[in-house]
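Each remark here refers to the structure printed beneath this line.
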Amino acid sequence: LPTFTMTCEGNCGQKLDSCSCHPTCTSLKNCCTDYKEYCVEIFPYSGSIFGGMDFIVLGATFNKSSQIVCRFNNNTNTLGYVDENSRGHCISPLLYESGWIPLHISSDNGTTFSRAGAWLSVHTGKLDSQFKAILVNSTKWQYYGTPNVGGALEMTWNTSLVRAERVNIELWGYRETGKPYSDNWQGEWEYLYSLGKDQPNSGFFSFVPKPAENGFSSWELGSLRVSPSTYPDGMWNVQAAWTEDHALAWHLEKEFRQNSTAWALEKCVAWDQLETELPNFLAEIIDCPCTLAQARADTGRFHTDYGCDIEKGSVCTYHPGCVHCVRAIQASPKYAAGQQCCYDSTGAQVLTADSIGGSTPDRAHDWGSPPYNRPPRIPGQSHWVYDVLSFYYCCLWSDNCHYYFKHRPSSDCKHYQSPSTAVVFGDPHFITFDGVSYTFNGQGEYTLVTSERKKLTIQGRTEPVNGTTIKATKLSAVAMQEASSDVIEVRLVSGHNGLEVLQNQKTLSFTEQSWMDLHGVFVFSPTSTNVTVMFPSGAGVEVRLRERTMTTTVLLPEEFRDSTLGLLGKMNGDARDDLVLSSGELVANYSNPEELFSFGASWAISNVSALFTYDSDYLLDTYYHAPRHEHSFIPVFFAPESPEDPLANQASQICSGEGSQFCRYDILVGRSPRMGNATMVSFQSHISLVNDLQPVVSCGWLSPPANGKKEGTTYLQGAKVRFSCADSFTLKGSAERICQKNGQWSGEETSCVVSSNLIGIVVGSVIGAVTLIVIITTLVLHSRKQKRCDIDFSDDISKVYYFICLLYNKFNIGCKLLLPTRNESKFSFFAVFPFQKSCMFRGSNEK
């Protein structure tokens with residue numbers, strides 16, 4: 001077809017015959033002429049999952065008569081508009097999922113949706129504060145109505161988030177309906193009422209809350225929305241600023257304010273009953289790391305909990321005594337549950353069995369989980385409903401945490417297994433999962449890790465250091481995929497002063513968000529020199545930029561054992577078979593650089609298996625249309641050692657100790673002291689990581705004995721726990737137990753038994769009581785032939801019978817006291833004795 005007939009309308013992401021609508025077309029300069037018109041970029045590209053963000057459609061042209069409708073995820077429409085500069089705008093909707101949402105835009109009032117793009121929906125807890133309304137003193141909001149908490153509440157917002165002179169302040173509530181884990185289990189947001197109407201858009205609002213009327217106080221979770229007052233109350237998907245979701249203590253019913261503790265206890269007990277009826281999710285969640293060092297190092301499976309972050313001052317509101325918490329990145333497979341692990345200043349795990357600040361698992365993962373949209377996988381809200389509100393009921397609004405911790409006990413680390421780690425750094429040097437280190441300076445694209453069992457592939461691209469004058473290479477890109485996940489590529493940008501992340505060959509921007517939920521993978525990039533990729537299997541890939549070189553670390557959990565091949569070795573704990581050629585042949589001599597070079601070359605990838613992006617003539621010519629291993633490039637195998645070398649002194653100063661051979665190579669062959677220094681940093685970082693991930697022995701939690709207490713809340717090898725008993729009790733078993741290297745506690749199980757003198761008193765009392773029963777029973781046997789006795793309570797014998805019955809009950813002999821029948825002046829009740837005697841007692845109320 002002629003070029004002029006090629007259009008990107010309806011073809012975004014495609015490569016056409018004579019032009020392209022693929023994301024790579026901009027750099028390859030082969031875009032169809034209308035590419036930017038139909039394959040649109042937007043600004044800003046992200047916003048709250050609650051919606052309300054006004055964003056601009058870049059590149060596309062609109063006219064004043066255009067009637068814009070924006071369709072998200074093919075099922076949710078919002079009305080857009082054209083501004084005074086003829087730019088199209090969309091309003092993001094309230095969604096029940098996070099991540100990239102397909103976007104289609106119509107300019108003819110929804111008749112056709114010809115433009116395509118994507119919108120990033122963000123969990124409100126991960127959203128920067130500039131994009132949301134702020135509850136001033138949020139603790140006061142969520143404790144309002146409890147003792148000594150009252151007065152006016154205040155909120156603020158960035159006025160640019162709402163394009164209006166006057167605004168309404170609305171309360172929206174969230175709840176989940178239907179039977180949990182059934183097909184009719186649904187989450188829903190609903191407009192409740194307005195706190196203020198036609199208020200000036202000043203960025204500030206305050207009010208004194210009152211208990212909600214008309215049944216609205218039954219909504220216990222919600223968010224406030226600031227929206228233009230020109231819209232009707234509760235209109236969906238309009239430009240707005242939302243607060244974070246929070247417990248609506250401030251609008252609860254009068255009974256809460258009259259006695260918040262009793263109100264909360266009733267709710268707590270009801271939740272306790274509900275939990276007993278729900279499936280047990282604890283068995284399928286991952287165990288916590290044993291130490292803070294492990295938790296921060298295991299980046300493939302755990303990530304910082306934003307509610308308790310050591311790098312942000314350890315403000316741990318829900319976990320007093322802790323300095324840092326992490327959450328398991330992946331939700332559990334069946335119930336979508338989450339795991340949380342918290343640690344104190346010594347690095348030890350804090351358990352709920354020992355402290356109210358202990359870490360707790362979650363029935364619903366805070367960050368949600370694919371496919372989202374329905375409980376318990378709705379990001380944020382499902383977690384609030386099943387894990388946070390109940391914490392308020394039982395722990396914060398009342399002192400009944402034992403109910404909560406019964407269903408949310410901390411997971412200890414007795415069965416935690418650290419991941420194995422391997423690294424590529426410098427120009428380039430390799431340390432395998434089993435600790436084999438070597439240098440491979442091939443030029444091309446190679447398999448770093450492949451696991452057929454786990455469907456994971458990680459590939460690396462190398463290029464010459466400083467052009468062709470130096471016979472050494474360095475890593476310039478890594479690409480990876482697990483099963484059918486998005487393909488993620490991390491590569492050096494032009495100039496090698498930053499990292500670029502691509503998702504399915506399209507560049508991702510982290511200018512607005514540092515965390516992205518993608519298809520089958522998560523990516524975290526807090527800076528342009530730091531990228532972490534996390535897969536559902538627990539595999540993690542860290543890429544760090546140091547002095548224009550990439551350091552790539554791969555972490556694999558124990559499930560990958562005996563399943564990996566590639567340049568990073570065979571992960572099985574045996575270094576002797578670590579280096580296996582793609583043909584299956586073992587490298588015989590790890591110290592022979594030529595043999596190592598042949599090993600590396602064997603792992604060159606093919607065009608069919610390549611995961612990389614080729615979006616420049618250089619990449620196409622150097623890699624795609626050329627052999628994936630450049631056979632003509634022969635590197636320098638050994639670092640030259642010459643006293644006359646001007647860099648020799650610097651090499652000696654910078655490179656010392658373990659890993660110095662890699663550093664010297666990069667200085668003396670790569671001709672860069674800065675690269676050599678970066679190589680030492682990378683090597684030492686890897687050694688520290690390996691040390692942090694060293695397995696530790698846990699003996700598991702020890703409970704204090706009944707009627708006693710314990711000292712010590714650490715349960716790792718070498719830890720000591722001491723026991724003591726309350727007054728009148730004697731300690732039996734070991735007074736001190738030590739966690740041994742075999743994972744067992746030393747000594748014997750500890751208990752507190754009644755002291756011998758107290759036993760004598762108790763035994764004497766029991767014997768006396770039993771003797772009395774025998775005597776009294778003998779007295780009444782004379783009436784055994786009678787089936788029934790009718791005794792006035794004023795008679796002494798009736799008191800004897802009554803006392804007998806009480807004693808029988810005390811010692812579980814079996815007497816039944818039936819409920820009394822009362823009127824204004826008299827009462828009666830039956831006692832049925834084990835010797836088939838039935839007596840009625842009756843008397844006046846005053847007796």
Of the conditions (1) over 30 Å from P23 (Cα atoms); (2) more than 30 Å from the chain's Cα centre (by Cα); (3) of a type outside the set (A, V, I, L, M), the single one that R561 does not satisfy is (2)
Scanning the stretch 31-44 residue by residue, those open to solvent by less than 50 Å² (accessible area, probe 1.4 Å), more than 22 Å from M516 (Cα to Cα) and in a loop (DSSP other than H, G, I, E, B) turn out to be C32, D34
A careful count of residues in the stretch 172-185 that are touching an Asp or Glu at 6+ places or on another chain (Cβ under 7 Å) and either without any contact (Cβ under 8 Å) to a residue 40 or more places away in the chain or open to solvent by 50 Å² or more (accessible area, probe 1.4 Å) (or both) gives 2
- Task: Tell me, yes or no, whether the stretch 192-201 has at least one residue that is open to solvent by 40 Å² or more (accessible area, probe 1.4 Å), modelled with pLDDT of 95 or more and in a loop (DSSP other than H, G, I, E, B).
- Result: no
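So which of L58, L95, L28 ends up being of a type in the set (A, V, I, L, M, F, W, C) and open to solvent by 70 Å² or more (accessible area, probe 1.4 Å)?
L58
Sort out which residues of the stretch 202-244 are touching an Asp or Glu at 6+ places or on another chain (Cβ under 9 Å) and either in a loop (DSSP other than H, G, I, E, B) or over 20 Å from Q142 (Cα atoms) (or both), and write them in order of number.
Within the stretch 202-244, P211, A212, W219, S227, P228, S229, D233, G234, Q239, A240 qualify.
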Quick check on S451: is it at pLDDT 95 or above and either hydroxyl-bearing (S, T, Y) or surrounded by 19 or more Cβ atoms within 10 Å (Cβ to Cβ) (or both)?
yes
The residue that is farthest from the chain's Cα centre (by Cα), considering only those in the stretch 472-497 that are hydrophobic (A, V, I, L, M, F, W, C) and closer than 30 Å to R664 by Cβ, is A472
Going through (1) open to solvent by less than 60 Å² (accessible area, probe 1.4 Å); (2) outside any loop (DSSP other than H, G, I, E, B); (3) farther than 30 Å from P419 by Cβ one by one, K267 fails only at (1)
Those residues of the stretch 397-414 that are closer than 22 Å to T146 by Cα and either assigned to a loop (DSSP other than H, G, I, E, B) or in contact with a strand residue (DSSP E or B) (Cβ under 9 Å, 6 or more places away or on another chain) (or both) come to a total of 4
Checked S65, S129, S160 against criteria (within 30 Å of the chain's Cα centre (by Cα), open to solvent by 60 Å² or more (accessible area, probe 1.4 Å) and without any contact (Cβ under 8 Å) to a residue 12 or more places away in the chain); the one match is S129
Cβ pairs under 6 Å, 6+ apart or interchain, first in the stretch 611-634 and in contact (Cβ under 8 Å) with a residue 12 or more places away in the chain and closer than 23 Å to K471 by Cα, second open to solvent by less than 80 Å² (accessible area, probe 1.4 Å) and charged (D, E, K, R), ordered by first then second residue, are Y623/E445; R628/E445
Checklist entry - Quick check, is R576 open to solvent by 40 Å² or more (accessible area, probe 1.4 Å), in contact (Cβ under 8 Å) with a residue 40 or more places away in the chain and outside any loop (DSSP other than H, G, I, E, B)? => result no
Residues of the stretch 328-349 being in contact with a His (Cβ under 7 Å, 6 or more places away or on another chain) and open to solvent by 20 Å² or more (accessible area, probe 1.4 Å), in sequence order, are A331
A422: passes all of (1) open to solvent by 10 Å² or more (accessible area, probe 1.4 Å); (2) under 29 Å from the mean Cα position of the chain (by Cα); (3) on the phi < 0 side of the Ramachandran plot but (1)
If we keep only residues of the stretch 210-260 that are open to solvent by 70 Å² or more (accessible area, probe 1.4 Å) and polar (S, T, N, Q), then the residue nearest to R166 (Cα to Cα) is T230
For G47, the lone unmet condition from (1) in a strand (DSSP E or B); (2) surrounded by fewer than 19 Cβ atoms within 10 Å (Cβ to Cβ); (3) small (G, A, S) is (2)
R296 passes all but one of the listed conditions (1) at pLDDT 95 or above; (2) open to solvent by 30 Å² or more (accessible area, probe 1.4 Å); (3) in a loop (DSSP other than H, G, I, E, B); (4) not acidic (D, E); the exception is number (3)
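For the stretch 600-636, enumerate the residues that are of a type in the set (F, W, Y), open to solvent by less than 40 Å² (accessible area, probe 1.4 Å) and within 27 Å of L579 (Cα to Cα).
W603, F612, Y623, F633
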Of the listed residues (A477, A483), the one being assigned by the TED database to the domain that holds S528, closer than 19 Å to V523 by Cα, open to solvent by 20 Å² or more (accessible area, probe 1.4 Å) and in contact with a strand residue (DSSP E or B) (Cβ under 9 Å, 6 or more places away or on another chain) is A483
Among helices (runs of 4 or more DSSP H) completely within the stretch 644-711, the ones holding 3 or more residues that are of a type outside the set (K, R), closer than 22 Å to V436 by Cβ and open to solvent by less than 30 Å² (accessible area, probe 1.4 Å) are 660-668, 673-692
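The values are calculated or read from the model by the stated rules, or taken from the named source; none is laboratory data. What you are looking at is a predicted structure, and each value in this text was computed from that prediction instead of being measured. As a convention, Cβ positions derive from the backbone with ideal geometry for all residues, glycine included, and neighbour counts pool all protein chains shown. Only protein heavy atoms, including side chains, enter the accessible area calculation; ligands, DNA and RNA are left aside. Shrake-Rupley method; radii C 1.70, N 1.55, O 1.52, S 1.80 Å.
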